[in-house]
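For reference, the structure discussed in these notes is given below.
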Amino acid sequence: MSEVSCRAFGPAIAAMKARGIPVSVLTDGLPVSPSHIESLRKRVSWDVLVEINRRLEEVFGGRKELENLYFEHLLTPGVRLIPAVARYLVTPANLYRAGTTWIGPSLFPVMNAHFEQLEDGRLREILEIPERFEDSPAMFSMMRGALRAGPALFDLPPARVEMDLRPRRCVFTITLPEARPSLRHRVAAWFTNRHGSALLESLVEQQVELHDNYEELGAAHDQIADQAKRLEEANWALQRQNEELERRVAERAASLARETELHQNAAAELEHSRTQLRAAERLGVVGTLAAGIAHEINNPIAAILLAAQYSQHMRGDRNERQIWLESFEDIEREAKRCATIVKSILQFTREEPTAKWISNLNDIVHRVRMQVQPYAEQNNARVTQVPCLQSIYARLNPMQIEKALMNLLCNAIESTELGAGVEIMLEERDGKAIVSIADDGPGIPDDVRPRIFDPFFTTKRHKGQMGLGLSVVHGILEEHAGTVEVESKLGSGTRVTIELASCEAPSR
């Protein structure tokens with residue numbers, strides 16, 4: 001609601017064309033064209049008008065020159081400021097009144113105008129630019145030139161116009177020329193008093209109504225502008241918050257990148273340390289294995305050597321044949337013992353995968369229990385099995401699982417010399433096939449429990465044990481992606497549990 005009529009530029013544009021100055025100097029860089037401001041029916045925003053007025057000052061050399069330009073233009077013969085109603089404006093006072101209350105507001109609805117006739121006959125016209133619009137002192141200078149030329153419409157000398165200029169406000173005090181009106185003007189005055197006054201009053205009332213409507217629209221425009229300003233401020237605040245958030249995200253991303261790099265470096269160092277640890281463990285296992293092999297094979301080899309030396313020493317004895325036969329039997333027995341040791345070691349160290357297929361664990365547990373029964377009777381032990389009412393299947397190598405269960409049952413049978421009670425149970429839970437072997441022996445001491453899976457570690461070496469049983473069990477379960485766990489409390493027996501992934505029964 002800040003548009004004004006392009007009629008305000010009419011005298012200046014006419015003067016520029018007369019001097020050969022292109023109108024484009026007024027519109028370069030502005031959102032209007034030369035043809036737009038040359039049209040008397042077009043309008044421009046107040047901001048554009050203010051900028052064009054600045055350029056007019058530069059073109060004509062100041063405000064005083066602009067005032068004289070408008071004054072001289074309106075004195076030119078044939079120029080009529082308001083030709084449509086000129087015949088009704090009998091006196092200059094009527095002209096100024098119409099200009100303030102009707103013509104001016106229609107051209108410049110932005111400004112507030114007030115007209116009054118002083119007691120001494122002078123006229124006062126007050127024009128104000130609202131605070132929300134930029135000031136334009138050049139506009140007041142151009143208006144003074146037009147006010148000075150007003151009486152020329154009545155063939156009278158120019159008026160004397162005093163101007164009190166302040167920021168956004170100008171008070172014009174107009175002294176009209178003294179002259180007797182001509183016969184034409186006296187006749188026009190009679191006609192105006194009869195017909196024109198009502199028309200002028202009607203025009204003034206319409207203009208007042210239009211101005212009031214404009215003020216309402218202006219207030220609505222100001223409200224919208226204020227909302228737009230608050231929206232813009234909120235948008236800037238959101239933009240700043242977004243920039244701050246982006247900055248924080250970038251900083252956090254950089255921090256995460258640094259942390260990731262540090263984590264990767266730490267992971268690489270950890271993997272390197274693990275590699276070194278595995279190498280050290282392998283060396284330790286090799287040393288333990290070598291010591292175990294040397295210890296286990298040393299005794300049968302010594303027995304073989306002793307039998308051979310004894311048979312040679314007893315050569316020529318009358319019982320020589322009998323001695324040789326006994327020595328050969330000893331050598332055979334100890335050689336088989338060496339073969340057993342080597343076979344166990346190879347079985348412990350072998351890492352090649354073995355064939356697996358879906359098998360019934362119920363059958364495997366039953367076979368192992370039947371095979372171990374004679375050994376249990378020799379050791380005065382009792383082996384019982386908790387009945388399993390369902391068939392449980394798993395993908396496995398039956399021979400290896402039988403060997404693992406055999407080792408565990410033998411350990412349980414040997415847990416006490418008083419005759420152990422051993423219980424074996426098979427069940428399926430949460431997709432797992434679970435076999436548990438429990439004994440009522442003395443349990444495993446706390447200092448021994450961490451080493452029970454170490455190769456060649458045994459507390460029964462005096463009974464000829466090599467300490468590979470649980471190590472072999474552990475290796476078999478690892479190869480089957482299963483687990484083996486030992487629960488033991490000193491004086492309360494031991495329970496060993498192995499778990500395998502169960503599966504559906506094979507189709508026929």
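Structure values in brief
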quantity	calculated
Positions within segment 136-162 being without any contact (Cβ under 8 Å) to a residue 60 or more places away in the chain and assigned to a loop (DSSP other than H, G, I, E, B), in sequence order	155, 157
Neighbours by Cβ (under 9 Å, 6+ apart or cross-chain): first from segment 490-508, touching a residue at least 60 places away in the same chain (Cβ under 8 Å); second part of a loop (DSSP other than H, G, I, E, B) and polar (S, T, N, Q)	493/415; 494/415; 505/391
Residue check, residue 333 over 60 Å from the mean Cα position of the chain (by Cα), more than 30 Å from residue 391 (Cβ to Cβ) and either at pLDDT 80 or above or in a helix (DSSP H, G or I) (or both)	yes
Lone unmet requirement of (1) modelled with pLDDT of 85 or more; (2) touching a Phe, Trp or Tyr at 6+ places or on another chain (Cβ under 8 Å); (3) not in a loop (DSSP other than H, G, I, E, B) for residue 438	(2)
Matching residues, segment 385-432, being assigned to a strand (DSSP E or B), among the hydrophobic types (A, V, I, L, M, F, W, C) and over 14 Å from residue 375 (Cα atoms)	386, 394, 396, 424, 425, 426
Residue that is nearest to the chain's Cα centre (by Cα), among those in segment 110-133 that are surrounded by 13 or more Cβ atoms within 10 Å (Cβ to Cβ) and within 10 Å of residue 168 (Cα to Cα)	133
Scan of segment 82-109 for residues that are crowded, with 19+ Cβ neighbours inside 10 Å, part of a loop (DSSP other than H, G, I, E, B) and at pLDDT below 75, ordered by number	89, 90
Hey, residue 131 part of a strand (DSSP E or B), modelled with pLDDT of 80 or more and among the charged types (D, E, K, R) or not	no
Condition met for residue 256 (outside any loop (DSSP other than H, G, I, E, B), at pLDDT 85 or above, under 49 Å from the mean Cα position of the chain (by Cα) and surrounded by 11 or more Cβ atoms within 10 Å (Cβ to Cβ))	yes
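The values are calculated or read from the model by the stated rules, or taken from the named source; none is laboratory data. Everything numeric in this text was worked out from a predicted model, so none of it was measured. Neighbour counts run over all protein chains shown; Cβ positions are idealised from the backbone, glycine included.
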